[in-house]
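In what follows, a structure is listed as structure tokens, so that the remarks can point back to it.
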Amino acid sequence: MSHSLPNSAAEFTPVRTRRAFEEICVQIRREVQAGNLKPGDKLPAERELAARFQVSRSSVREALRALEIVGVVTLQRGARGGAVIQEGSIESITHVMQDLLFLGGFSLEDFTEARVCLQREVVRLACDRATEEDFKVLEENVAKTAALRSPEGLMQRTELTLEFYSLLAAATGNKVLCALMSAITDPLRDYITRLGPDRSWDVAASRSKFLEHLRARDSESAVAEMVSHMTRLHQYLLAQMQQGDS
């Protein structure tokens with residue numbers, strides 16, 4: 001539920017730059033960082049913001065749309081609508097990573113290498129911290145994956161594969177690692193869907209072996225099994241991409 005922002009809560013100043021909407025974004029972000037704007041706060045109406053910033057309403061509208069895209073505000077419609085500060089969301093991080101990957105901001109090679117580096121630390125922490133409930137949900141995921149062997153189950157199998165990484169990150173109890181893991185795992189969905197899975201590799205069998213090590217709190221063996229699987233997956237994706245380019 002949103003609540004209106006007191007007039008004195010945020011200290012906005014007139015904008016003098018040519019690209020006014022960017023300065024508006026900077027000031028609103030600054031007020032969020034200072035704690036003057038919090039999730040659920042409703043910003044003043046466009047007309048009032050335009051007066052405070054001494055810019056046109058179109059500049060304010062452009063700034064609010066830009067902030068909506070990156071997840072800082074949500075624009076509610078209707079007579080009582082307006083711009084409301086959002087709760088933090090990992091979706092914006094994931095979208096940035098996807099854009100950087102697909103638009104050439106960095107290579108698939110660098111991307112997959114970074115995944116392996118992060119996953120090593122996730123596995124080590126999960127070995128120390130995973131609870132019985134964590135083990136159960138991971139085992140359920142592997143059982144569902146093993147049951148999907150027909151080509152028709154490709155999409156669901158892909159989703160279960162990605163879910164496994166999220167569940168494993170959750171077992172660390174570290175929300176930042178969960179966000180980072182999601183950001184560098186979700187972009188692979190498009191690659192796997194487009195290129196198809198490596199049918200010569202039994203993912204469920206590898207996952208089962210990994211979980212045995214995880215339950216035994218054997219971090220080195222768990223890391224080795226996970227890295228072996230991820231390296232094979234990444235090599236497959238890179239090879240398929242190169243074939244498509246040739």
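The values are calculated or read from the model by the stated rules, or taken from the named source; none is laboratory data. Model, not experiment: these values are computed from the prediction. All Cβ positions, glycine included, derive from the backbone under ideal geometry; neighbour counts span all protein chains shown.
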Report task. Kindly indicate which of Ala63, Ala34, Ala45, Ala50 is without any contact (Cβ under 8 Å) to a residue 40 or more places away in the chain, in contact with a helix residue (DSSP H, G or I) (Cβ under 6 Å, 6 or more places away or on another chain) and small (Gly, Ala, Ser). Result -> Ala50
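Looking only at the stretch 106-131, how many residues end up being closer than 22 Å to Lys209 by Cβ, part of a helix (DSSP H, G or I) and not small (Gly, Ala, Ser)? It would help to see each step written out before you state the result.
First, pick out the residues of the stretch 106-131 that are closer than 22 Å to Lys209 by Cβ: 112, 115-131.
This time we only want the ones that are part of a helix (DSSP H, G or I), so: 112, 115-129.
With the extra rule that they be not small (Gly, Ala, Ser), the set shrinks to 112, 115-125, 127-129.
Residues meeting the conditions: 15.
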Requested in this report: Please go through the stretch 26-57 and pick out each residue that is among the β-branched types (Val, Ile, Thr) and either touching a Phe, Trp or Tyr at 6+ places or on another chain (Cβ under 8 Å) or buried (at least 17 other Cβ atoms within 10 Å of the Cβ) (or both).
Outcome: Ile28, Val32, Val55
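Residue by residue, here is whether (1) surrounded by 12 or more Cβ atoms within 10 Å (Cβ to Cβ); (2) assigned by TED's automatic domain parsing to the domain that holds Asp202; (3) without any contact (Cβ under 8 Å) to a residue 24 or more places away in the chain; (4) under 20 Å from the mean Cα position of the chain (by Cα) holds:
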residue: Leu108; (1), (2), (3), (4): yes, yes, no, yes
residue: Val116; (1), (2), (3), (4): yes, yes, no, yes
residue: Gln119; (1), (2), (3), (4): yes, yes, no, yes
residue: Ala126; (1), (2), (3), (4): yes, yes, no, yes
residue: Thr131; (1), (2), (3), (4): no, yes, no, no
residue: Val137; (1), (2), (3), (4): yes, yes, no, no
